[in-house]
Each structure stands twice: as C-alpha cells, then as structure tokens.
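Following: one structure in structure tokens, then a few remarks.
The values are calculated or read from the model by the stated rules, or taken from the named source; none is laboratory data. These figures come from a predicted structure and were not determined experimentally. Methodologically, a virtual Cβ is constructed for each residue, glycine included, from the backbone with ideal geometry; neighbour enumeration extends over all protein chains shown. Protein only, heavy atoms only, side chains kept; ligands, DNA and RNA dropped before computing areas. Shrake-Rupley method; radii C 1.70, N 1.55, O 1.52, S 1.80 Å.
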Amino acid sequence: MTTVAEKLQSKAKKSVGTKQVRLKLVYVDFWSAVKLSFLIALAIGIVTVVATFLVYVILARLQIFSTVDTLLQEVLGDSRFTLQDTLSIGQVMLFAMIVAILNVVIGTVLGAIAAVLYNLSVRITGGLLVGFTNN
C-alpha cells in the first residue's frame, strides 16, 4: 500500500514532456486594440509632460539659460533679451501638453488603423502563425 506522499513524490519524479502548440492569430478585436493603443499613448503623453518639466527645471537650476542668454545677447546685440522670457515654463508646458494630446489622438487612431489593416490582411495571408510551449 502506497501513501499519498509516495504517489506525489513519484509524480514529481516523472519528467513532463514539453508540449508545443501552434496557434494562428486570425483576428484582432478592434475595440481592444483601440483601448490598448489609447492607454499606451496616454502613458507616453504623461511621460512627455513630466520629462519636459524635469528637463526645464534641470536646465534652469544648472543656469544653462543664463549662459545661453549671454551668448544670444552678444550675437543679437540686444542686452535686454532673455531666453526665459521667450520660453517661460508656462509656454514650454503648454507646448508639451499640446504635443501630448496630439500624441494620444494620433496614437489611438494608428492603433485602430493597425487593427483594421491586420484584420484585412488576414484574408490574404491566412493569419500569423504563433508557436507556444509549456515548460
């Protein structure tokens, strides 16, 4: 008579063969692709705005703007010109927000177009063959 522990131990010793499965991707759901592309584009937009703010703050703290101001004042011959008046933090952040919003819209539309094009191309190519294995 064998115990439960012995049965479990004998099962653990058996080597499980690797099973390979080949599947064909023949359809991408349109709304799933739109939602996923929207979320990815939104994340990239947030990163764009935060990175723009951080770069601006770092450049201001390192006094890069004052160095560039001195150079531009000499080149332009205008001693009143300052780069931070031309490119204030508000203007830079507004531009970053506009770029981020355009990125979200364009990224979402491109994701939708990619899903439609893939679904149309499946009729010609038969789909994408993908192999999976379990270890």
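Have a look at I46, I40, I98 and point out the one that is β-branched (V, I, T) and either under 30 Å from Y27 (Cβ atoms) or modelled with pLDDT under 95 (or both).
I40
Within the range 96-135, restricting attention to residues that are over 16 Å from the mean Cα position of the chain (by Cα) and without any contact (Cβ under 8 Å) to a residue 40 or more places away in the chain, which residue is most open to solvent (accessible area, probe 1.4 Å)?
Among residues in the range 96-135 that are over 16 Å from the mean Cα position of the chain (by Cα) and without any contact (Cβ under 8 Å) to a residue 40 or more places away in the chain, the one most open to solvent (accessible area, probe 1.4 Å) is R123.
Those residues that are open to solvent by less than 60 Å² (accessible area, probe 1.4 Å) and not in a helix (DSSP H, G or I), I need them from the range 59-95; list them, please.
Within the range 59-95, D78, F81, T82, S88 meet the criteria.
Can you tell me which residues in the range 52-82 are touching a helix residue (DSSP H, G or I) at 6+ places or on another chain (Cβ under 8 Å) and among the small types (G, A, S)?
Within the range 52-82, A60, S79 qualify.
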